[in-house]
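What follows is a single structure, written as structure tokens, with notes after it.
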There are 4 protein chains.
Amino acid sequence: MRFFSDNAARIHPKVLDAIVAADTLDTAYDGDRWSQGLDARLSALFDTAVEVLWVPTGTAANCLALASLCPPYGGVVCHRDAHIQNDEGGAPEFYTHGAKLMLADGEGAKLTPATIAHLLDAIPAHVHSVQPHAISITNATEYGRVYAPEEVAAIGELARNRNLALHMDGARFANAVAGTGAHPADLTWRAGVDALSFGFVKNGGMSAEALVFFTPGHADAARRRRKRAGLLFSKGRYLAAQILAMVEDDLWIANGAAANAHAARLAAAAGDRLVHPVEANEVFLRMTPDEAAALRAQGFDFYDWAAGEIRLVTAWDSDEGDVARLAAAIGAL
Amino acid sequence: MRFFSDNAARIHPKVLDAIVAADTLDTAYDGDRWSQGLDARLSALFDTAVEVLWVPTGTAANCLALASLCPPYGGVVCHRDAHIQNDEGGAPEFYTHGAKLMLADGEGAKLTPATIAHLLDAIPAHVHSVQPHAISITNATEYGRVYAPEEVAAIGELARNRNLALHMDGARFANAVAGTGAHPADLTWRAGVDALSFGFVKNGGMSAEALVFFTPGHADAARRRRKRAGLLFSKGRYLAAQILAMVEDDLWIANGAAANAHAARLAAAAGDRLVHPVEANEVFLRMTPDEAAALRAQGFDFYDWAAGEIRLVTAWDSDEGDVARLAAAIGAL
Amino acid sequence: MRFFSDNAARIHPKVLDAIVAADTLDTAYDGDRWSQGLDARLSALFDTAVEVLWVPTGTAANCLALASLCPPYGGVVCHRDAHIQNDEGGAPEFYTHGAKLMLADGEGAKLTPATIAHLLDAIPAHVHSVQPHAISITNATEYGRVYAPEEVAAIGELARNRNLALHMDGARFANAVAGTGAHPADLTWRAGVDALSFGFVKNGGMSAEALVFFTPGHADAARRRRKRAGLLFSKGRYLAAQILAMVEDDLWIANGAAANAHAARLAAAAGDRLVHPVEANEVFLRMTPDEAAALRAQGFDFYDWAAGEIRLVTAWDSDEGDVARLAAAIGAL
Amino acid sequence: MRFFSDNAARIHPKVLDAIVAADTLDTAYDGDRWSQGLDARLSALFDTAVEVLWVPTGTAANCLALASLCPPYGGVVCHRDAHIQNDEGGAPEFYTHGAKLMLADGEGAKLTPATIAHLLDAIPAHVHSVQPHAISITNATEYGRVYAPEEVAAIGELARNRNLALHMDGARFANAVAGTGAHPADLTWRAGVDALSFGFVKNGGMSAEALVFFTPGHADAARRRRKRAGLLFSKGRYLAAQILAMVEDDLWIANGAAANAHAARLAAAAGDRLVHPVEANEVFLRMTPDEAAALRAQGFDFYDWAAGEIRLVTAWDSDEGDVARLAAAIGAL
């Protein structure tokens, strides 16, 4: 019973169907009919004209975005627990040619205008100090917390005032949208976001994420960077088809909501073990090594997060019975 | 009727079956049972211990190989018509952090010890000149020519004598193996090849190539570079499963042979229009614009290669009837 | 008697005096009074508002310029015999993060609109091909040829029409100005040049070149790149003082003219041995190995350029007697 | 009266004499007699065979060292107040192609085995986390603290045990040697240091630092990286001559001792204002803005370090009278 992560979950049947349906000869790269339809489809979803690139991984989406928004000699403000800082093997530095991640604080891995400003104000403007060019926030965060539209907007305003671009790592954007009930537009461009890594892989996709540019002027160069990074699949139709299937009838939101609901069930059983409020599909619990071992002995798989803490992650396809059993097991500890 | 390229062909049914079969929860990244089986399976195929990384594109495979074999301040000798020089959008320079491609000549996009030595001998050893660290050859070449084992071995010997590593871009390795009838080992490590980009996408795969290291000591760093390039899929099992399906019962060779046979049929019809001997699945023909237009008017799609030349590429799934019709149409010009 | 190169010549006494005069405490980096005066002084020289960065080497000047004018995924058109291609150890690729040098032809290492257009017209616009973003020409060229203002202007017009930036490697700009008698403005910004590597080291300086931006918008980022490359001397005043001394009373032109005059003397003695017209301070001669050995036996030091060719370079401080002796020796062969 | 930094001090007369003495024609780059003598001279100084490259700035020395010791996908452990992290404009990331600086703690900007191990132990070995490849320490530190030989040796042992290389930023190595009285060998290679940035610019030089490799195998590649970074002066003799002059009769140690003595005088006057023990040539004092303004009104120039703190730096050529006046002024506050 795997609560280790949502990153290896199965493909949603509708997505798999879409892949199979795309198994017909068409133009290579992103010239096919699926890829060519992405801009329009996601423009409708976001209620504004966007430019979209499919990429195969969240790391690729994040790092192409950062390379688009920050020059090699610049810096990107992010939370010190951000995925781009800790879990991408130095990919941001590779894609940006050595831009510096500038680490700010914030509860639940959420940045705030105050914590960002605190960091920014300490950076001298001279050439000896790397200058920030962008901010990157994660929604939902690495601790399963979500930004409300007004929280994003406050950061967006700061970004605009400081002449910084704003990127959102939305590997779990679906969980954030489902968790807040907010319109995707309100969580992004209306709040000042320039580029979104719109994640599907953790949410029922196989191998496709969407890099969405709300601000014009970036997509052409990003397409060249995508090719230059070896990310331009010759059979791009199989990626585009996944994205189109995920957004059809809001499947992505339904899947995010399902994962969130599983997490809520676990949270309800966890009582005061909860380390963070559960707002998406991740549950962090205080737990002794003995307790963790006891759960594992019952067949539950999860991540030891920090000393005395475990992380449980639910997915779109978590088994209801498994979730119920885990909730019961936690309650019985 | 598409003879434009083999790069957008359909997925072989057995590969698609393997993808579907892999749609079950397993460990993320390359910890799953499919990925974990790759080294053993390809070691058996190559009759020696190899280390294998799945990657999604040929460009990624080539460039991770080059980054493994050449430092940023070094150079890579390749043919001036090589894919890495002309068709990868600067990816080799991105992955290697600016290593220089050093362009040598050779008939049919084939390098020879003589053309390589001619280039090498003109490079002063001092720090003002970039020093070569590797040679990259393509088999089958960009003109559909193949290297025989002894031709690779001659280059391998030169490489060893000059202290250079040897990479083979095998985006169409299957066609080369099918075309020569040689054992894969004789075309690679026995001939001095250190790393092979073993292509499947053009040959019935969906999105998986294998980067094969014959020389130990490179794979660990290459795995870090793969992650750093955003190429480490969390659901790597879908890539590994493709590769395993392709090598099962030598499907890859059968597919390569099928494509080659289609090309041979076209070649037979082409008579003295042939620009290059047809040894794999590419056919280059002398053709006037009017003749090309006449073919297109009959529904044939292909690439205008150079002034007065067209390129036809067949695939594993080219339609017999289409091939016959094209052969007839060429004969009738 | 050294005719090997002008790159190791002595410091002009006025430059050395200026260094000694700057040996007084002042603000660090480029905050000192000498550095602060550069923009105004060179704006006067060029008869337009320019922004100037001192750097210690011609390679640094060239590569900071290229990094300013071309993104990592772009290309720079240059002559295949250009210094940036052959003699800078891959520095352009380092500074630009892997931009591609695109090699064009032209007699005497001079590009022409026709040779540039020939190269440009063969580059497809798609993402598989690196796109050119800049042109770099060398004046005087690697073969001691000079561009007249109208020749630069023709290339400048092409650059503007193709939306390319134009860089001039002026390691021997003094020799070009002295050789053509043209106004520095006519050889640069009036002809469409965006950035000039204005060389002094070969012409009486110790360790200072000026990177001159004629087009606004580049200097700020270039200053950050300069720091990031470890090129921002804390005692920048010693570099700025050199440049100011060199431009004082047109010392730089006088020095260039002196070197050119020495070369002219050698050229006059060379008769039909001349490989290239002598327009600056370099003389290429056809010469058998035996003849070269005979000259060397008389104490003359020079470079074997290619089979059957030698290169003689004169400097601002070449000894009149040495030049006369070499001229005589050549005549006597 | 400048106590702002030692980075813009005058050239020591013996160094200037050496520059003038080198103003004679010799081989270019590092082929001249001065450059060729560096290895032997510094091998004698360090009592072991070393390989030496001159470079013009401390940033260049540090970053060439780091690029030699750490691959692009690796990390370098340093103090969070280290110069390479805060004051080099991202140069380490540029030279290493994006390696990550990993920030550890320690009093007075000094790392300890414990603080390093604390950081290292938190880094998972998997590919998602950048792996450390080197440690960089600064001696004397950014707070004017020095490492004793046994402190360096303890870090050196940790480095060896963890398979990490060890770099020392010795921009103020002279002050550390003068302050500890230790033999240069005991502070470096005997304590496990692989590469030293041996600073002279802050200590009486004009524009020359020495990058010293104690561990064989790095210098050849570093020379290519030096060229590739535009740092290979054609008139390298003027840099080598500076270094030779500085080490002649231990001038560097005498200059370091002079600066330290000035600082000791200020420290003695500072009483309990001292933020850090004064062990080299930097003095950090608690001071209110009003007090700082009062000192400035008397003509003293210095750096506002942090809220309520100022930094005073003495140099080899600080004026005795100025120092006495400043000491008196501090005492009188």
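List of remarks:
- Taking the conditions (1) under 29 Å from residue C:40 (Cβ atoms); (2) in contact with a strand residue (DSSP E or B) (Cβ under 7 Å, 6 or more places away or on another chain); (3) surrounded by fewer than 23 Cβ atoms within 10 Å (Cβ to Cβ) in turn, residue C:196 satisfies each one other than (3).
Okay, residues lined up against (1) part of a helix (DSSP H, G or I); (2) of a type in the set (A, V, I, L, M):
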residue	(1), (2)
C:81	no, no
C:84	yes, yes
C:92	yes, no
C:108	yes, no
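- Residue match in the stretch D:20-27 (condition: of a type in the set (A, V, I, L, M), in contact with a strand residue (DSSP E or B) (Cβ under 6 Å, 6 or more places away or on another chain), closer than 30 Å to residue C:318 by Cα and free of Cβ contacts under 8 Å to residues at least 24 places away in the same chain): yes
For (1) within 13 Å of chain B (Cβ to nearest Cβ); (2) crowded, with 18+ Cβ neighbours inside 10 Å; (3) outside any strand (DSSP E or B), each residue gets a yes or a no:
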position	(1), (2), (3)
A:31	yes, no, yes
A:34	yes, yes, yes
A:54	yes, yes, no
A:59	yes, yes, yes
A:62	yes, yes, yes
A:66	yes, yes, yes
A:124	no, no, yes
A:129	no, yes, yes
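- Of all the criteria given as (1) small (Gly, Ala, Ser); (2) within 14 Å of chain B (Cβ to nearest Cβ); (3) buried (at least 24 other Cβ atoms within 10 Å of the Cβ), the one not satisfied by residue A:82 is (2).
- Residue in the stretch C:53-72 that is without any contact (Cβ under 8 Å) to a residue 12 or more places away in the chain, among the aliphatic types (A, V, I, L, M) and under 30 Å from residue D:58 (Cβ atoms) present: no
- When the residues of the stretch B:81-116 are filtered to those that are under 15 Å from the mean Cα position of the chain (by Cα) and among the acidic types (Asp, Glu), the one that is nearest to residue A:227 (Cα to Cα) is B:88.
- Check on residue D:197, over 13 Å from the mean Cα position of the chain (by Cα) and under 19 Å from residue D:35 (Cβ atoms): no
- Residue list for the stretch B:292-326, filter: under 20 Å from the mean Cα position of the chain (by Cα) and free of Cβ contacts under 8 Å to residues at least 60 places away in the same chain: B:305, B:311
- Test: residue in the stretch B:313-324 that is assigned to a loop (DSSP other than H, G, I, E, B) and closer than 30 Å to residue B:25 by Cα: no
- Residue in the stretch C:143-155 that is at positive phi and of a type in the set (Gly, Ala, Ser) present: yes
- The single condition from (1) at pLDDT 95 or above; (2) under 21 Å from residue A:179 (Cα atoms) that residue A:293 fails is (2).
- Residues of the stretch D:68-79 classified as part of a loop (DSSP other than H, G, I, E, B), in contact with a strand residue (DSSP E or B) (Cβ under 7 Å, 6 or more places away or on another chain) and within 12 Å of chain B (Cβ to nearest Cβ), total: 1
- Checking each residue of the stretch B:12-22 against the condition of being modelled with pLDDT under 95 and aliphatic (A, V, I, L, M) gives no match.
A quick yes/no check of all residues on (1) under 14 Å from the mean Cα position of the chain (by Cα); (2) of a type in the set (Phe, Trp, Tyr):
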residue: D:118; (1), (2): no, no
residue: D:128; (1), (2): no, no
residue: D:132; (1), (2): no, no
residue: D:138; (1), (2): yes, no
residue: D:147; (1), (2): yes, yes
residue: D:155; (1), (2): no, no
residue: D:159; (1), (2): no, no
residue: D:172; (1), (2): yes, no
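- Criterion (of a type in the set (Gly, Ala, Ser), open to solvent by less than 10 Å² (accessible area, probe 1.4 Å) and free of Cβ contacts under 8 Å to residues at least 60 places away in the same chain) met by exactly one of C:230, C:256: C:230
- Scanning the stretch A:279-310 for residues that are part of a loop (DSSP other than H, G, I, E, B) and open to solvent by 40 Å² or more (accessible area, probe 1.4 Å) turns up A:279, A:288, A:298, A:307.
- Any hit, the stretch B:12-19, residues being on the phi < 0 side of the Ramachandran plot, β-branched (Val, Ile, Thr), at the interface with chain A (Cβ under 9 Å from one of its Cβ atoms) and assigned to a loop (DSSP other than H, G, I, E, B): no
- In the stretch D:173-232, counting only helices (runs of 4 or more DSSP H) that sit wholly within it, the ones holding 2 or more residues that are away from every other protein chain (no Cβ under 14 Å) span D:173-180, D:184-187.
- Selection from the stretch A:311-333 of residues that are modelled with pLDDT under 95 and buried (at least 24 other Cβ atoms within 10 Å of the Cβ): none
- Scan of the stretch A:85-97 for residues that are farther than 11 Å from residue A:134 by Cβ and at the interface with another protein chain (Cβ under 8 Å from one of its Cβ atoms), ordered by number: A:86, A:87, A:88, A:89, A:90, A:91, A:93, A:94, A:95, A:97
- Comparison of C:240, C:258, C:264, C:245 shows that the only residue that is part of a helix (DSSP H, G or I), within 14 Å of another protein chain (Cβ to nearest Cβ) and at pLDDT 95 or above is C:240.
The values are calculated or read from the model by the stated rules, or taken from the named source; none is laboratory data. Predicted model only: the values in this text are computed from it and were never measured. Note that we place each Cβ from the backbone using ideal geometry, even for glycine, and neighbour counts take in every protein chain shown. Please note that ligands, DNA and RNA were not included when accessible areas were found on the heavy atoms of the full protein model with its side chains. Shrake-Rupley method; radii C 1.70, N 1.55, O 1.52, S 1.80 Å.
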